[in-house]
Every structure is written in C-alpha cells, then in structure tokens.
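Working notes, structure below.
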Amino acid sequence: MRPSYSDQEVIILENVSKRYLLYPQRMVELKRALLHLPTFLKATRSRQPFWALRDLSLTIRRGESVGIIGPNGAGKSTLLRIVSGLAPLTKGRLTVRGRVSPLLELGAGFHPQISGRENAILNAVLLGLSRKEAQEKLPDIVEFSELGGFIGQPMRTYSSGMYVRLGFAVAVHVKPEILLVDEVLAVGDAEFQRKCFAHIEKLRQDKVTIVLVTHDLDNVKRFCERAVLLNQGVIAAEGKPQEVVDEYLASHFEFSAATASRGDF
Amino acid sequence: MAAASSASYADSPGRLNLRGLARTWELLLLLTARDVKLRYEGTVLGLLWTLAKPLLQALVFTFALSTVLRIKVGYDVPYVLFLLAALFPWTWFQSSIQSSAASFSNNAALLKKVYFPRFVLPLSAVTSQLLHFALSIPILVLLLVIAGYYPGPEWLLGVPLLTAIQLLMLAGAVLLVASFNVFVRDLEHLVEVLMTLWLYLTPILYPLSMLRERVGPVIYLNPMASLIQAWRDLFLYDQLPGIDIWPALVFTAIALVAGSITFKTLEGHFEAVL
C-alpha cells in the first residue's frame, strides 16, 4: 500500500516539542564553576526551560511549498532547524525523506581566506553533494552567482552582495529535494531577489519540496500552496495562504491595537 | 506522551551508508586541504614552514640541551638525530590536540547552519598535522643518510603501524577535548600549558632510560612515552615495535571509547551553547 510518488509525505512531524535550556553564563567559566561549586550545581539543575515548540504535528508532501509565518519568537526558525537536523528534538517523532538543503544563512562556513571556487566546492559537499558532483555543478554556480573572474579570488575581497549571491547559488544547485528557506531572500538587490525567486519557482516545478519561513506575506501568497501560522510554538492556523495571512494580520492587528474587538475571522 | 524522541532521515534509500561514508571522507579531505592551505597563507616560505619549524625547534633544543646542559643520551647517534626521531611524531601529536581543541567552538556559524558529520572538524586538524608529519619524514631520512644511517625495510611496516596507532589515539583524544571545549572554553588554554608539560614528561629531549632510572614503572602511565620510544627505535635502529608499546595501545582504546561517547553525548547540546 505505497502512496503514489507525488503524494509521498516527505516531512512528518509528530507531536514534536523542542525545549531549550537557558544556560547561565557562568557555565562557560571553569574557574567560577569550581570556586562556587555548590551554587553552580544548583544553578545547573534549575536551568530555565524554554519551550520553542509544543506538541507540534505537521505533514508536508513531496512537491508542496509551504509558507511558515508568525510573529518573532513563534518557533519558525526552530522548526526549520529541527527539520534540517541541526537541532535535536526534545519529544516527538520526525521523519524526513530526501536530501535537505537548508538556506538558513547564505554562505555559512565560507572562509574569507580561500577563493570563492574552493568555498563553493566545500560548501556544496557540506550540503550533501559528492566532490565530483560539486565540480560538475561549479560552472552553473559561477554563472548563477554572476561572479565571473572573481570566483578565483579570496572571499575577503568580496562585497556582501557577492557573498550572498555565491551562497544562494551553491544552495540551490545542490540538487535539493527539500529546500528550507529562512528569510534569507531579504538580502541582495531587487534584481537578484527576482532571480532567486524565479529559480525557486523552477525548483517548485521540478517537484522540490519548499518550506519558506518569512515575514514577507506577499511572498507566501505568491509562492506557497499552503501556509502555517505559528504562535508561541503551536500551530495557530493552517490552510490556504490568503486565509492564513488574513488571520495573522487580523490577530496581529488585535495584538497591536488593543482597541480592536474580537473579530469573527 | 513519553519523553522519547526520534528523528530519521532517509537520504537516497539503500545507498545511505555507503554514500554517507564517502561523503564524510571527501569532507575530511577538503577540510584537511583547507587547513593546510590556511596555515601558511600569506607567508613567503609557505609549506616549507612545515619543515623549517621543527628543524629550527630542534636546533634550539640541541643548543640548550646538548651544548649548554651537556645532556648524555647514551645513544651512538648525534643528539640532533636522537631528538628529531622523537620530536617529529611528538609535534604531530601536540599540534593536533592544540589546533583541534577549538575546532567546534570556532566553527559555531557552520555548526549552527549546516548539518554534516561534525566529527570531521577536529579530525581534519589531526589529518592536516599528519600531512606535515609525513612531509618531515624525508628530512629525517636525509639527515640519517648524511650521518651514515640507512633506513631498513622495517620502516615499511613500522611507519604505517605506528602512524595508525597514533592516528586512532589522536582521533579519540581530539573528540574528547574539542567536545568539552564547547562548554568550557578554558580547556583550549589549559591544553596549551599541559602539552608543554607533557613534552617534558615524555622521553623526547632525553632518553627513556634516564626517566626509568628515576621514576620506575610510573612511566607506563604516560602512554606517549612508549609510543615515542617506539618511533625512536624504528627511526634510529630499524626496530619494529614490540610488547613494550602496550601502554599506548591501552590509551588508544580508552581515548577512542571516551572520545566517541563524549562526542555522542555532548553533540546534541552544542547548539544550546554555541
């Protein structure tokens, strides 16, 4: 009883909770830890728990593009970090099927002292390609990033725009099956942003699953088939982008303007 | 519900393990290459420093110990050779631990944003230092030949064998140090001091016999003593390591187990403090 290819569930979160323990600063100082051992141990035991996600269940199918919206601190980025494997979950189950390419921060791990070319290869391998695949993709990456001759230069000579362009070019060329995008597209000039979205649109047609975290509600309406509104670690609303965005705006309006009465949305 | 949690990733079903292993290996190679490249970036001598540094260090020690203190090694080889035969493998050991201590904490940006097998970070420091060590062996051979000693066929077995032991020992040790250093940054500074102390406690500048006379079997507590002695016997006398090497083997096993358990346990908490 196999689900058909296009319907296959590629990201399944079941009752996922994520707790962060807020480590007191002195944790990192051995001297103080040893000198004040009793207090230190007590402080360690009574670390403040913070629940970034609470009992969250969400299923995303292959080829879907889902927008995650919500106020700051709602748990959007934590959700992406969990799906990408960067953050272990505290409770619940997570199943991910396919190669995940996280665009959480463009060019994370780029080293300024070595050339753009070497950084691109290393980054592509970090993101899951083999070295040979990375070499083969290099011309496409260079072309997309519009870096031209600069690709052989050490990255310390790059402008921040060039940095981001190379980061994005690598991330979208690693043959992702699941692309996680966290707000990164807010950087770069308008022209490059347009290019990025055009490329994401192409990936979408190629049945790449896309999870987009953003504050740009227009982009959610434009690129996503489904939207999820997070608030304080739980799903507050889920459904068609237009409706979820409206609900978010309405509730946000309610929060910020206390005069608004409880609407019937 | 229970506090149990699980996460499963199915990347390219069926080929997961092989592919993952190959990728880890390539990652290690790329990071090693980057490390070597970065080390001497902007220097005139470049990779030559790999050879120049231990040689200059050896000259300093030779001057201090052989000329000034007039230490008697009881070996029939010149002091410089006696010293280098132990100093080269020791340098691999010491620089690996020192340069890998901060390999997690200094790569916070990467660890927080990209998921990859994280243990390759400290391991790449060990392998890049291994490369430096490998490059220093021809220098040693050259000096030995000049002094009239010719390396025997025992090297073909002895060098890979001792390299493997030291590589495994280092792999465990750096995982331990680098993992703890994420939480207690003092470690990277402490390690620097301790390694200098360790250098003097190990028969590198002086012969093992000198230490054995004074402290007796306590020397077996220092795993590097037996390993360094094995390197020296191989380089100077073409002697393959014998039963005497057991402290190094025991320590290697302990380091590997402790290192991997520590890393496995602490890895999940990295993101909370980095």
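The values are calculated or read from the model by the stated rules, or taken from the named source; none is laboratory data. All figures in this text were calculated on a predicted structure; none of them were measured in a lab. Cβ atoms come from the backbone with ideal geometry, glycine included; neighbour counts cover every protein chain shown.
Observations
- The residues listed here are A:131, A:93; of these, the one that is modelled with pLDDT of 85 or more, within 9 Å of chain B (Cβ to nearest Cβ) and surrounded by fewer than 18 Cβ atoms within 10 Å (Cβ to Cβ) is A:93.
- The listed residue being away from every other protein chain (no Cβ under 14 Å), under 24 Å from residue B:105 (Cβ atoms) and within 16 Å of the chain's Cα centre (by Cα), out of B:159, B:174, B:191: B:174
- Meets criteria (away from every other protein chain (no Cβ under 14 Å) and in a helix (DSSP H, G or I)) for residue B:234: yes
- Qualifying residue in the range A:7-19 (condition: at pLDDT 70 or above and in a loop (DSSP other than H, G, I, E, B)): yes
- Residue in the range A:98-126 that is nearest to the other protein chains (Cβ to nearest Cβ), counting only those that are under 21 Å from residue B:40 (Cα atoms) and among the charged types (D, E, K, R): A:118
- Some residue of the range B:200-222 being among the aromatic types (Phe, Trp, Tyr), in contact (Cβ under 8 Å) with a residue 40 or more places away in the chain and out of contact with any His (no Cβ under 6 Å at 6 or more places or on another chain): yes
- Being more than 11 Å from chain B (Cβ to nearest Cβ), within 24 Å of residue A:190 (Cα to Cα) and either surrounded by fewer than 21 Cβ atoms within 10 Å (Cβ to Cβ) or not hydroxyl-bearing (Ser, Thr, Tyr) (or both) is a property that residue A:160 has.
- Residue match in the range A:58-70 (condition: acidic (Asp, Glu), surrounded by fewer than 17 Cβ atoms within 10 Å (Cβ to Cβ) and either modelled with pLDDT of 90 or more or more than 30 Å from residue A:153 (Cα to Cα) (or both)): no
- Here residue A:214 fulfils each of the conditions (1) among the polar types (S, T, N, Q); (2) touching a helix residue (DSSP H, G or I) at 6+ places or on another chain (Cβ under 9 Å); (3) more than 23 Å from residue A:173 (Cα to Cα); (4) surrounded by 14 or more Cβ atoms within 10 Å (Cβ to Cβ) apart from (3).
- Residue B:94 being of a type outside the set (Val, Ile, Thr) and under 15 Å from residue B:202 (Cβ atoms): yes
- Residue tally, condition at pLDDT below 90 and among the aromatic types (Phe, Trp, Tyr), over the range A:145-169: 2
- Helices (runs of 4 or more DSSP H) completely within the range B:29-141 that count 3 or more residues being of a type in the set (S, T, N, Q): B:79-100
- Qualifying residues in the range B:7-40 (those that are loosely packed, with under 12 Cβ neighbours inside 10 Å and at pLDDT below 80) - the one nearest to the other protein chains (Cβ to nearest Cβ): B:8
- Restricting the range B:237-274 to residues that are of a type in the set (Ser, Thr, Tyr) and closer than 29 Å to residue B:121 by Cβ, the residue that is nearest to the other protein chains (Cβ to nearest Cβ): B:265
- A count restricted to the range A:115-128 and to residues that are modelled with pLDDT of 90 or more, under 24 Å from the mean Cα position of the chain (by Cα) and not in a helix (DSSP H, G or I) stands at 0.
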